[in-house]
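Quick notes on the structure that follows.
The values are calculated or read from the model by the stated rules, or taken from the named source; none is laboratory data. What you are looking at is a predicted structure, and each value in this text was computed from that prediction instead of being measured. Note: ideal-geometry Cβ built from the backbone for every residue, glycine included; neighbour counts use all protein chains shown.
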Amino acid sequence: MLKNYLLVAYRNLLRHKGFSFINIAGLALGLTACLLIGLFVHDELQFDQFVPDGSRIYRVYTQQTTTETPESHASVSPMFATTLKQEFPEVEQTMRILMTGASLNLLQAGEKKIYVEDGLIADSTFFGIFQLPFKYGSPTGALDGTSSVVLAEEVARNFFGDVNPVGKELKINSTTVVVKGVLQSGLDKFHLKINYIIPLAAAQLPQQRMSNWGWQQFYTYVKLKPGADVRQTQAKLRDYLTQKVQPTLSENDKLTSVPYLQPLHEVHLYSSSFKYDSSVKGNITYVKALGVIAGFILLIACFNFVNLATAKSMQRAKEVGIRKTIGASQQQLMLQFLSETVLLTLVSVVLAAVLTSLLLPVLNDFTGKKMAFDLLRNPALLGLLAVLTLVVGLVAGFYPALVLSSFQPVKVLKSAVVTDGIFGRVQWLRHGLIVVQFALSVFLIVCAFVVFQQVSYLHNKDLGFNRDQIMFFPMRGENMNKQYETFKNELRQVPGVVAASIGYGFPGDQVAGDGLIVPTNGEKKEYPTTQLMVDYDYIKTLGLQLVAGRDFSKELTTDKDHAFILNETAVREFGLGTPQQALGKTVQWPVWNDKNPDSLKVGKIIGVVKDFHYKSLYDRLEPAVLQIFPGAYWKVAVKLKGTDVGSAVEGVKQVWTKFSPENPIEYRFLDDNFDEMYKAEDKLKSLLWVFTGVAIFVGCLGLFGLATYAAERRKKEIGIRKVLGADVSSIVALLSKEFMVLVVVAAVIAFPLAWLAMSRWLQDFAYRIDMPLWAFGVAGLLAAAVAFLTVSYQAIKAATANPINNMRVN
C-alpha cells in the first residue's frame, strides 16, 4: 500500500512540474537558510560546554551604581578572589587573570621571533578551575614559580615544530621562561583566547596593590563546592562587602558597585555589553534574532506549500470525487496526499543538504568559525534531517490533505463552484497565510534598513578627532623607551609624516580608569575618570579641538607636573561650570607610584577639549583627563599625509629599525581599530540583507504560484471581460487588487512589531540614530512592488491570452 502511495505521489509530482518546482525550490531555500542559521546558533551555544564541572564555575563581575544607566564591569579588584577563598567555606577554588588588554608580546626561541597576542597572566590555580586538556606536560604545577609558561599547541609548533618542548626555554619580551606544558588544540569553544599563559607571580605586583579594593584590574573566577547555592553565596558576598569591607575604607575608596556571580556557560553570550572584557564575546540578542529569522523563513516556506496545495486542490477535486466514488476512504486519501507532501519535502531536504554543504565554507569564512556539516560522521545530524523531513512534511501537508480528502463526490463531479463550505474557509486560510508571509517579509525589510542606518552611523559619526591616516604601535626595546623624545623627533623628519605623539590612551586602544580629586567648598570629592597620559603633541596629532584654555607647552615647565586638560563631560559632571569657568581651578590625582602610593599630583586646569569618542559608540562619553605622565608612555601615534602613505610607512619603519633593530615593528591604523569594534554589527547587517532576500524570494515563489492558479481559476471570466471590451490594464488591476490589499494588511501588522524590535535593539547603543520613518514607507512600497511584479506577470499573461481559448470548455 505504501509503495503504491509513493508511486502515485511520484507521478503526480512529475505531472505538475511547475507546481512541484515552486514548492521544492521554496522549501529547499527555506530549509537551507534554517540549516545554516541552526549550525551557527548551535555553535554559539557550545561555548565552554566542554569544561569539566562547568556548572560550578562562575565569573565575578560588578555592576556600577554611580552611573545613570547600569554598567557591568568584567574587571574587578584582586581582593574578591582573596576574600572568597578565605571567608567563604562553600568556595572550592578561586583564580585571577590580570587584565592586560589586547597587547602584543614578542616571543623568541633561537633566532625565531614572532609577535603573539592573547597571552594570559594568571594565578597558579588556573588549571584547578579550568581543567583544559594537555598535549605535553601536566597541569600540576604548570604555573608555579615565576619563570614558567604554558603554550597553545599552535604557538608551540611555530617555535619548536612537532617535538615535545617541555623543559625548553623561550623568551617573552627578553624575559626567559621555561615551557612547562602545551595545551591541546581545539579550544576554539573556550571563552578565553589562549596563546600562552604565564604565572601571576611573574608580574611581581606590589602587595599594597593586591590588597586594594579600588584597583579593578582582574578577571576573577570562583569554583563552588558540589551542592553550594550560588544565589546564597552571591548574597553573602554582598553582605560581607557592606558590613565588613566598606567600614574599613576611606571616603574616597568607598565601593560603588554590586558584585554578581555569572555562570561560566553565560560568559560568551551574555556579556556583550560588559566593559573591560577581553573574553570572546557573542551576543545572545543576535543569536535569538537569527533563530527567529530562521523560524520566519521556515514558516514562509511551509505557508507556501499550504497555499499552493490548497489552490491546487481545485484541479484535483474531480480526482478525489472519482476515487471516493469507487470506495476510497478519507483516511486513505489523506495518507495519499501526505505521502506526496513527505516525498516533496524529502526532495527539498536533500537539495537543502547539498546547498548547505556548498554554502557552509562561505559562512565559515564570514563568521571566522569552523562549523561542520558532515552527515556521514554525524548520525545525529542525519537523524535530525529525517525527523525534519517528517515533521515539515506532515505539518505542512496535513491541512491540504484534510481539505482534499474532504471533497464531496456529488458536488465536485457536477463541477460545482468550490467557494462555499470548506473551500470558502480555504480561501480565507490562503489569504491569512499570504498576510503572515508578507508581514514577516516587511518586518525583515524594516529591520534591515534600520540596522544598515545604525551601522553607517557608527562608521561615519564625527568622533571629535581626526582618525584618518594615523598609524600607531607600541614602543619596543630599552633604547627606544629611554630615547623616546629623540625617536619621536626623527619620526617627524620622515617625508609624509605630519605629526607624532607618544602616550598611553589613544582612541580605540587601551585607556586607564582612575579617580580625580576635585576640591569643592573645602571638601575633596573623587570622581571616576578616564586617564589619558599624553605628551605635548597629542592634541595636535589627533586633531582635538580646544574649547577653552590652551594646549600643553614645553616652554612652561610647570605643565609636566602641575597641569591638566579636561574634556567637556568632565567639566559638566564635576560641577565646574562652563569650560571657561573651569580654567585655573585646582584638581588632584593620586600618582601611579608604587614607592609612594599616597603621593598626589596637584595642578591647575589649563584647557578644555571638545568631547571626543575614545571608546566605541556603545559607551556613553565619560569624564576624561589629559595629563603629561612619561612613566606610562608606551605607544606611538604617527599622523601621515593622505598622499603616498606607503612611502611614509616605510620611512617610519626605517626609523624604528634604527632605534630597535632587534624587534620587528607591528603597527595598525587607528580607523581599523574603530571598524573592528563594530564587526558584529557589520555581520548582522550582511546576514539580515541575505536572509531578508531569501524570505522575500521564497514568499514570491508562493505568490507566483497563487497568481498562476488565480488566473487559471478566472480564465473564463477574463475571456468574457475581454470579449466585452476590457483592456489589459483593467484585467491586470482586477487580478492584482486582491493581493495588493493583503500586502497592505501585512504592512499594517508588521510596522508596529518592527518599531518595537528595533527600538529595543537601538537601546544597546549610547549613541544611535532616530528611528527612520522612511524605512517603514520604503519597506511597504518595496513589498508592494515585489508582490505586484510577481502577480502582474501572470496577470498580463492571462490578460493577453486569446479569449476564445479561455472560454472553451475543457
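Would segment 147-166 turn up any residue that is closer than 17 Å to GLN204 by Cα, surrounded by 20 or more Cβ atoms within 10 Å (Cβ to Cβ) and of a type outside the set (Lys, Arg)?
Taking segment 147-166 and keeping what is closer than 17 Å to GLN204 by Cα, we get 147-149.
Subset that is surrounded by 20 or more Cβ atoms within 10 Å (Cβ to Cβ): 148-149.
Keeping just the survivors that are of a type outside the set (Lys, Arg) gives 148-149.
Yes, there is a match, as at least one residue in segment 147-166 is closer than 17 Å to GLN204 by Cα, surrounded by 20 or more Cβ atoms within 10 Å (Cβ to Cβ) and of a type outside the set (Lys, Arg).
In the set (1) surrounded by fewer than 16 Cβ atoms within 10 Å (Cβ to Cβ); (2) touching a strand residue (DSSP E or B) at 6+ places or on another chain (Cβ under 9 Å); (3) over 23 Å from VAL267 (Cα atoms), the condition left unmet by ALA202 is number (1). Within segment 370-397, residues that are in contact (Cβ under 8 Å) with a residue 60 or more places away in the chain have Cβ atoms under 6 Å from residues that are among the aromatic types (Phe, Trp, Tyr) in these pairs: ALA396/PHE305, counting only partners at least 6 apart in sequence or on another chain.
On the given criteria, is VAL571 assigned to a helix (DSSP H, G or I) and either over 20 Å from GLY505 (Cβ atoms) or of a type in the set (A, V, I, L, M, F, W, C) (or both)?
Numbers: assigned to a helix (DSSP H, G or I): yes; either over 20 Å from GLY505 (Cβ atoms) or of a type in the set (A, V, I, L, M, F, W, C) (or both): yes.
In short, yes.
Would you check which residues across segment 732-784 are of a type in the set (D, E, K, R) and assigned to a helix (DSSP H, G or I) and list them? Answer for segment 732-784, where residues must be of a type in the set (D, E, K, R) and assigned to a helix (DSSP H, G or I): LYS737, GLU738, ARG760. Cβ separations smaller than 8 Å between residues 6+ apart or across chains give the following pairs from segment 529-541 residues that are in contact (Cβ under 8 Å) with a residue 40 or more places away in the chain to residues that are surrounded by fewer than 23 Cβ atoms within 10 Å (Cβ to Cβ) and among the hydroxyl-bearing types (Ser, Thr, Tyr): THR530/TYR614; LEU532/TYR504; LEU532/TYR614; MET533/TYR504; MET533/TYR633; ASP535/TYR633; TYR536/SER553.
For segment 3-11, state whether one or more residues are closer than 15 Å to LEU343 by Cβ, modelled with pLDDT under 90 and assigned to a loop (DSSP other than H, G, I, E, B). Give the steps one after another, and end with the answer.
Residues of segment 3-11 that are closer than 15 Å to LEU343 by Cβ, as a first pass: 3-11.
Pick out the ones that are also modelled with pLDDT under 90 and you get 3-11.
Checking which are assigned to a loop (DSSP other than H, G, I, E, B) leaves us with none.
Within segment 3-11, none of the residues are closer than 15 Å to LEU343 by Cβ, modelled with pLDDT under 90 and assigned to a loop (DSSP other than H, G, I, E, B).
Given the conditions (1) surrounded by fewer than 23 Cβ atoms within 10 Å (Cβ to Cβ); (2) modelled with pLDDT of 85 or more; (3) not in a helix (DSSP H, G or I), which single one is not true for THR486? So the condition that THR486 fails would be (3).
The residues of segment 658-691 that are under 13 Å from the mean Cα position of the chain (by Cα), over 15 Å from LYS281 (Cβ atoms) and hydroxyl-bearing (Ser, Thr, Tyr) amount to a single one, SER686.
Where strands (runs of 3 or more DSSP E) fall entirely within segment 58-158, those with at least 1 residues that are within 23 Å of GLN232 (Cβ to Cβ) are at 71-73, 91-98.
Output yes when any residue across segment 167-182 is within 27 Å of the chain's Cα centre (by Cα) and either over 15 Å from LYS135 (Cβ atoms) or in a loop (DSSP other than H, G, I, E, B) (or both), and no when none is. No, there is no match, as no residue in segment 167-182 is within 27 Å of the chain's Cα centre (by Cα) and either over 15 Å from LYS135 (Cβ atoms) or in a loop (DSSP other than H, G, I, E, B) (or both).
Of all the criteria given as (1) modelled with pLDDT under 85; (2) touching a Phe, Trp or Tyr at 6+ places or on another chain (Cβ under 8 Å); (3) outside the structural domain of CYS447 (by TED's automatic domain parsing), the one not satisfied by TYR221 is (1). Number of residues in segment 539-575 that are closer than 17 Å to GLU485 by Cα and buried (at least 20 other Cβ atoms within 10 Å of the Cβ): the value is 4.
Given the options LEU31, LEU27, LEU36, name the one that is buried (at least 16 other Cβ atoms within 10 Å of the Cβ), assigned by TED's automatic domain parsing to the domain that holds LEU351 and at pLDDT 90 or above. I'd like the intermediate steps shown before the answer.
Working: LEU31 fails: at pLDDT 90 or above; LEU27 fails: at pLDDT 90 or above.
After ruling out the rest, the residue left standing is LEU36.
Being over 24 Å from TYR504 (Cα atoms), part of a helix (DSSP H, G or I), in contact with a helix residue (DSSP H, G or I) (Cβ under 7 Å, 6 or more places away or on another chain) and at pLDDT below 85 is a property that PHE438 has. All conditions but one from (1) at pLDDT 90 or above; (2) within 22 Å of VAL591 (Cα to Cα) apply to THR529; the one that does not is (1). All of LEU346, LEU413, LEU404 fail the test of being surrounded by 14 or more Cβ atoms within 10 Å (Cβ to Cβ), in contact with a Ser or Thr (Cβ under 6 Å, 6 or more places away or on another chain), modelled with pLDDT under 65 and over 30 Å from LYS679 (Cβ atoms), apart from LEU404.
When segment 281-320 is filtered for residues that are modelled with pLDDT of 65 or more and farther than 29 Å from GLY30 by Cβ, only LYS281 remains. In segment 183-208, how many are assigned to a strand (DSSP E or B) and closer than 15 Å to VAL116 by Cα? Counting residues in segment 183-208 that are assigned to a strand (DSSP E or B) and closer than 15 Å to VAL116 by Cα gives 3. All of (1) in contact with a Phe, Trp or Tyr (Cβ under 8 Å, 6 or more places away or on another chain); (2) under 17 Å from TRP589 (Cβ atoms); (3) buried (at least 22 other Cβ atoms within 10 Å of the Cβ) hold for SER501 with one exception: (2).
Counting only residues that are closer than 22 Å to GLY631 by Cα and outside the structural domain of VAL587 (by TED's automatic domain parsing), give me the strands (runs of 3 or more DSSP E) lying completely in segment 504-557 with at least 1 of them.
On the way: elements: 512-520, 523-534, 546-549.
Qualifying strands (runs of 3 or more DSSP E): none found.
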